[in-house]
Amino acid sequence: MKKNLENVYEAQFKALQEEIAALQGQQDNNEREIAMDLAGGRMQDALLIMTGHQEMGKSQRDITAHLKTEIMEMEEDLIRQTKINGIVLVNCCVKTVEKGNKKMVQQHRLTGHCSFLDFQVEFELTDVQEDTTLVRTITDLNIVMDSTEFKDFSNFVSGVEDKRDLLLFFRTLRRFSDRCEDRRRTFQHFQEQVQEAVPHFPRMFPSMGSEKMENQEWKEKYPCVVSLPGGCRAEVMQIKSPKLAGCALTIYWSIEVTNEGDITPKIDLLTKMPEKVLEMDSRKVIENAPDSFQSLLRILGAEASIDTVIQSVAV
């Protein structure tokens with residue numbers, strides 16, 4: 001009885017070995033056929049046909065030309081979008097974490113910059129098919145920015161993450177960047193290096209004098225009056241009198257951002273004067289200077305108003 005069972009087990013074992021060998025042989029044949037298809041280009045052609053890049057009867061040259069045209073059009077469209085919204089994407093990564101018949105979840109990571117503001121956005125996108133409607137939602141959002149010096153904007157970013165409103169973030173980022181650029185250009189205007197070129201006119205050929213510029217000198221526009229402690233991208237400009245020690249004015253230019261993405265530039269004039277100077281100011285000119293500066297802003301604008309303040313101190 002025991003010997004009969006051993007014979008049965010041995011026969012079943014041999015049958016399993018033969019079946020495994022047959023399956024391995026079939027797998028080897030399949031791999032060889034796939035390799036031949038890849039070498040011959042048939043699989044590549046099939047994939048191109050499935051994706052709409054190839055039609056029956058088209059040559060490989062036509063396919064390549066078509067793909068090159070599509071790439072050029074996408075690059076041109078990207079350039080147009082960058083010019084319109086000012087946002088430059090440097091890197092984009094997509095990872096599919098779940099995929100089913102009616103639901104797909106993907107993780108996205110975008111890295112780029114808008115003017116001098118660098119950002120990295122990570123979000124999870126969920127697509128759910130409901131009958132004939134595709135419902136797409138952002139289920140997780142994380143924004144990383146080096147904007148610690150912008151307190152209001154950091155608070156805005158935190159609110160965007162809570163609301164998972166990616167469109168609001170990019171729309172506000174562009175407007176905030178534009179207002180920062182306005183401030184930078186204005187501050188830099190008062191510390192930029194101004195090149196004063198004195199033309200040299202040859203006596204014999206006066207008409208050629210415009211082609212040669214000599215005796216070039218460089219100087220700061222306001223060398224002893226204006227200083228930017230935090231650089232031209234910071235919020236503060238200091239204006240010090242070169243003749244009256246201790247007399248200083250400060251331009252504080254902040255950019256306020258609400259949770260709804262509303263942006264409001266705010267420019268204030270702060271005064272710092274010695275007690276003796278304040279006692280001599282019988283007309284309260286220094287005390288009323290901040291209010292007078294606000295009136296100048298409404299009439300002249302930021303640059304002309306700041307220039308007026310600087311000239312009054314520099315005299």
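Miscellaneous remarks
- Sites Gln294 and Asp262 - FRET efficiency at Förster radius 22 Å, r taken between beta-carbons, to 0.05: 0.60
- Mean shadow area of region 220-273 over all directions, Cα convex hull, nm²: 4.6
- Entries of Lys243/Lys266; Lys103/Lys163; Lys151/Lys240; Lys151/Lys266; Lys243/Lys272; Lys68/Lys103 with Cα pairs more than 24 Å apart: Lys243/Lys266; Lys151/Lys240; Lys68/Lys103
- Cα gyration tensor shape of region 248-315, rounded if a/c is under 1.5, else prolate or oblate by comparing a/b with b/c: prolate
No value in this document is a laboratory result; all are computed from the given coordinates. Computed from a prediction, not measured in an experiment: that's the story for all the values here. Positions of Cβ are backbone-derived with ideal geometry, glycine not excepted, and every protein chain shown enters the neighbour counts.
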